[in-house]
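Written out below as structure tokens is the structure these notes cover.
Nothing in this text is a laboratory measurement; each read-out follows from the coordinates by a stated rule. The structure displayed is predicted, hence computed values, not measured ones. A quick note on method: Cβ atoms are made from the backbone with ideal geometry, for glycine too, and the neighbour counts reach across all protein chains shown.
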């Protein structure tokens with residue numbers, strides 16, 4: 001249902017508030033570059049530090065900016081099932097096309113708890129859901145057998161997979177239906193996951209290089225493997241520097257260097273350190289975009 005490049009949008013701030021004009025402009029630039037979807041209010045969008053009102057407003061701004069031209073998969077995750085349910089209902093009411101949910105962090109449910117959490121939201125909202133496995137953020141790893149169970153739940157249509165284990169991801173793809181979309185949650189794993197049968201990526205890097213990310217995925221899916229591989233290696237230094245500090249610190253710094261948004265970030269995250277800013281500048285210059 002969701003495939004290609006879906007950009008995990010940053011949330012630009014100005015003077016402590018959401019910069020709605022910059023957010024809408026970023027969404028427009030992504031659409032012009034050919035992305036297939038926008039994902040507001042994820043970890044790249046600093047959802048953990050958005051108030052509920054801000055969270056809902058960011059969804060509204062992005063849905064309005066997209067205007068039905070691309071899919072909007074709103075981040076509605078929480079480690080509180082009821083809170084995630086309420087945010088998902090708002091995403092549906094706002095006109096999003098689906099929601100991205102994260103496995104509950106800190107309370108670390110069992111595999112049965114993960115199934116119950118996601119199933120409860122899918123049943124209560126009747127809305128397309130993408131589940132998200134990112135063990136280094138949540139402290140739990142959603143196993144392939146668990147994902148296969150969730151793939152049988154009506155309205156759970158895919159997974160954003162960021163476990164970092166190619167064998168585990170291959171097992172997920174092997175055990176889930178063909179129409180269940182497996183999306184990379186790690187930019188550097190996009191090409192390997194496509195090769196395993198994945199459908200695309202929910203990308204942080206496409207905030208900065210949407211056109212190249214679209215070309216990489218499109219080239220592979222068109223059978224132009226050599227071209228996709230060349231683009232992967234061209235982007236590899238950027239992938240590395242964009243995750244040299246906690247996401248979205250580096251990507252916000254990159255967009256600020258490119259004059260597309262401010263680099264204001266909320267505590268407990270802090271601005272990019274100077275040595276890494278220099279690395280980032282080198283990577284952007286090598287790509288000839290700075």
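How far apart, in nanometres, would the label points at residue 165 and residue 28 be if each is projected 7 angstrom from Cα along the Cα-to-Cβ direction?
Placing both labels 7 Å along Cα→Cβ, they lie 4.5 nm apart.
Give the calculated FRET efficiency between residue 258 and residue 153 to the nearest 0.05, with a Förster radius of 35 Å applied to their Cβ-Cβ distance. Please list the in-between numbers first.
Numbers: r = 41 Å, r/R0 = 1.16.
Step by step, r from the Cβ atoms, then E = 0.30.
Mind ranking 109-115, 57-63 by how tightly packed they are, going by the mean number of other C-beta atoms within 10 angstrom, highest first? Display every interim value, and only then the final one.
Values: 109-115: 15.6, 57-63: 21.7.
Final packing ranking: 57-63, 109-115.
Ranked highest first by average number of other Cβ atoms within 10 Å, how do 243-254, 217-228 line up?
Details: 243-254: 21.5, 217-228: 16.1.
Packing order, densest peptide first, comes out as 243-254, 217-228.
Taking 7 Å along the Cα-to-C-beta vector as the label spot, tell me the residue 288-residue 79 distance in nanometres, rounded to one decimal.
4.7
How high is the relative contact order of the chain? Use alpha-carbon pairs under 8 Å, at least six apart in sequence, and give a whole percent.
Averaging sequence separation for qualifying contacts and normalising by length gives 18 percent for the chain.
From the Cα gyration tensor of the range 27-91, with a ≥ b ≥ c the square roots of its eigenvalues, which class applies: rounded if a/c is under 1.5, or else prolate if a/b is larger than b/c, or else oblate?
Numbers: a/c = 2.18, a/b = 2.00, b/c = 1.09.
Since a/c reaches 1.5 and a/b is larger than b/c, the shape of the range 27-91 is classed as prolate.
Using 0.36 nm per residue of separation minus the Cα-Cα distance, give me the extension gain between residue 278 and residue 224 in nm, one decimal. Before the final figure, lay out the partial values.
Values: separation 54, 0.36 × 54 = 19.44 nm, distance 3.37 nm.
Length gained, residue 278 through residue 224: 16.1 nm.
I need the calculated FRET efficiency for the pair residue 105 and residue 17, taking r as the beta carbon distance and R₀ as 35 Å, to the nearest 0.05.
On the way: r = 26 Å, r/R0 = 0.74.
For residue 105 and residue 17, the calculated efficiency is 0.85.
Does the range 4-224 classify as rounded, prolate or oblate by the C-alpha gyration tensor (a ≥ b ≥ c root eigenvalues; a/c under 1.5 gives rounded; else a/b over b/c gives prolate, otherwise oblate)?
It is oblate, given that a/c is not under 1.5 and a/b is not larger than b/c.
Per residue of the chain, what 222 nm ellipticity follows from adding -39500 (n - 2.57) for every DSSP H run with n ≥ 4, rounded to the nearest 500?
Details: 12 runs with 138 residues, N = 290.
The helix-only estimate for the chain comes to -14500 deg cm²/dmol at 222 nm.
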